[in-house]
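Input: a single structure, listed below in structure tokens.
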Amino acid sequence: MQSVSQATKEKMLDTSIDMCDFLRQAVTPFHAVQVIKSRLRQAGFLPIPKQSDDVTLQRGGKYLFTRNGSSLAALVIGKKYAPSNGANIIAAHTDSPTLMLKPQSGFVERGMEVCGVQCYGGGLWHTWFDRDLSLAGRVVLQRKATGGDAVRDLGLHVHLVNIDKPIACIPNLAIHLQTADEREKLTINKETHLAPITSVSRREGKALPSAAQLHDDISMEILSQLGKSDDFEIVDHELCFYDANGPIIGGMRKEFIRSARLDNLASCYAAVEGLLETVSILEESERVHIVALYDHEEIGSRSLCGAEGNLLGDIIDRVVRQDCSTPAEISSRREAFLANSFCVSADCAHAVHPNYADKHESRHAPSINGGLVLKRNASMKYATQAISSALMRKIAQIAGVRIQDFVGRNDKPCGSTIGPIISCQTGIETVDMGIPLLAMHSIRETCGVADVNDSVKFFAEFLRSFHALKNALVGGDE
Ligand SMILES: [Zn+2]
């Protein structure tokens, strides 16, 4: 970062500070969608109610759709959009590995109040030990039935909650209580070793019947936060633990961001900021512009709000349908729309770790603050191919952003993304890229300040100029 000007450094830091702010609030996919929704609404995006067909999508209009409160799509239809022009799409995921409370989560063990949890996704679970943990998510409430009163309020009320205090911890086992073999292997039993402790029980021998939905203190805290202490009870919940220590900008030259959930909220942030930076230009364009943020990537994407659900397909159908009068017309326009669309699947990449440098192939080892990473895999774990990759190199050149290449080693396993799912389901040409990251799936990951800034610049440029660039593609054999 030595060669960049003071003004550029300040701009980079401002972007990173804003992203840290976003990360601090976006403690679950529900909260991430809530924060993004509010940023988009401030910029004039109109929420489209679920399944409402009476809202006509106008050229020059900005819309937002949500699913399950944990996935979101933002849509800008250019004023000069012609049917079948297609869309510039950026897709990312809102979820990260976490510990999720079981339905009957509260139990007492050796005088301690402990929470039963399910592992969500493939976390580096050993990083969750000795952390200050807080709890957030979604609860469903109902009004309590009052003693013998037959009149009941049958309504269910859904609320987001964030306790926002370090209420729990998973302490390590003391070294003296581990055998030499256990110390060496660092083996974790995900069922028995990962249960967070919230307090010393005050039940004095009176154990819970078998288990409680939630510990009383947690229920009371949630209800009191929602201002519903006396009248309501929690019927059900989706609550997750998260690191109560928020994101920080660190390093001797403030070049790193250390935070939970960088994979993949850093991409969600950059996609949305890229969209917001260019929105006034996009409103005038010939294309449709979409940012689609999905939940459930970490567990395979197979859900109504995952990438295998049809959020993107439904939005595209809706846009295409508006200019058509017969099913045959819809079908042919849709085909043309998909053929002319392009999707950037934005997800974090593995940066080379100086202490484990041999885990990368040395000519494809992206470094932190070295630029955005194009991901390739011969088995198509990533959707990138030569043309999509070449187009992105061009966009990066226009945006003044550096590109790095990543290919996994043949003797190591490779991750995957929503890129192949989207491209397979829709037939839309897709590329996989993202910022380089250290400690992917740790409770505290590390990325670079310059890379975050570059990704916002890149996504803005992609949304703005992809169409012109694609039109300038010189023909070949195809
Ligand atoms: Zn990811």
Would you check which residues across the range 222-241 are open to solvent by less than 20 Å² (accessible area, probe 1.4 Å) and more than 30 Å from the chain's Cα centre (by Cα) and list them? Phe232
Search result, residues across the range 461-478 that are small (Gly, Ala, Ser) and either open to solvent by 30 Å² or more (accessible area, probe 1.4 Å) or within 14 Å of Ser267 (Cβ to Cβ) (or both): Ala468, Ala472, Gly475, Gly476
Can you tell which of Arg253, Arg287, Arg318, Arg258 is surrounded by fewer than 15 Cβ atoms within 10 Å (Cβ to Cβ), more than 16 Å from the ligand (Cβ to nearest atom) and in contact (Cβ under 8 Å) with a residue 24 or more places away in the chain? Arg253
Of the conditions (1) under 27 Å from the mean Cα position of the chain (by Cα); (2) more than 16 Å from the ligand (Cβ to nearest atom); (3) in a loop (DSSP other than H, G, I, E, B), Ser96 fails just one. Which one is it? (2)
Being more than 19 Å from the chain's Cα centre (by Cα) and open to solvent by less than 20 Å² (accessible area, probe 1.4 Å) narrows it down to one of Val35, Val117, Val108, so name that one. Val117
Confirm whether Ser341 is open to solvent by less than 10 Å² (accessible area, probe 1.4 Å) and within 16 Å of the ligand (Cβ to nearest atom). no
Checked the range 161-201 for anything hydroxyl-bearing (Ser, Thr, Tyr), open to solvent by less than 40 Å² (accessible area, probe 1.4 Å) and more than 19 Å from Ile443 (Cβ to Cβ); matches are Ser199, Ser201
From Val431, Val452, Val401, grab the single residue that is touching a strand residue (DSSP E or B) at 6+ places or on another chain (Cβ under 7 Å), open to solvent by less than 40 Å² (accessible area, probe 1.4 Å) and away from the ligand (no atom under 16 Å from the Cβ). Val401
When restricted to Ile89, Ile17, Ile48, the only residue farther than 30 Å from Thr446 by Cβ and either open to solvent by less than 10 Å² (accessible area, probe 1.4 Å) or of a type outside the set (Ser, Thr, Tyr) (or both) is Ile48
Selection over the range 281-309 where residues are touching a helix residue (DSSP H, G or I) at 6+ places or on another chain (Cβ under 8 Å), in a loop (DSSP other than H, G, I, E, B) and over 15 Å from Asn88 (Cβ atoms) yields a count of 6
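To keep it simple, each residue is scored yes or no on (1) more than 16 Å from the ligand (Cβ to nearest atom); (2) free of Cβ contacts under 8 Å to residues at least 40 places away in the same chain.
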{"position": "Leu214", "(1), (2)": "yes, no"}
{"position": "Gly227", "(1), (2)": "yes, yes"}
{"position": "Leu239", "(1), (2)": "yes, no"}
{"position": "Gly246", "(1), (2)": "yes, no"}
{"position": "Asp263", "(1), (2)": "no, no"}
{"position": "Ser267", "(1), (2)": "no, no"}
Only one of (1) more than 16 Å from the ligand (Cβ to nearest atom); (2) at pLDDT below 95; (3) β-branched (Val, Ile, Thr) fails for Ile418. Which number is that? (1)
For the list (1) open to solvent by less than 70 Å² (accessible area, probe 1.4 Å); (2) in contact (Cβ under 8 Å) with a residue 40 or more places away in the chain, I need the number of the one condition that Ile387 fails. (1)
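The values are calculated or read from the model by the stated rules, or taken from the named source; none is laboratory data. This is a predicted model, so every value here is computed, not measured. All Cβ positions, glycine included, derive from the backbone under ideal geometry; neighbour counts span all protein chains shown. Heavy atoms of the whole protein, side chains included, go into the accessibility calculation; ligands, DNA and RNA do not. Shrake-Rupley method; radii C 1.70, N 1.55, O 1.52, S 1.80 Å.
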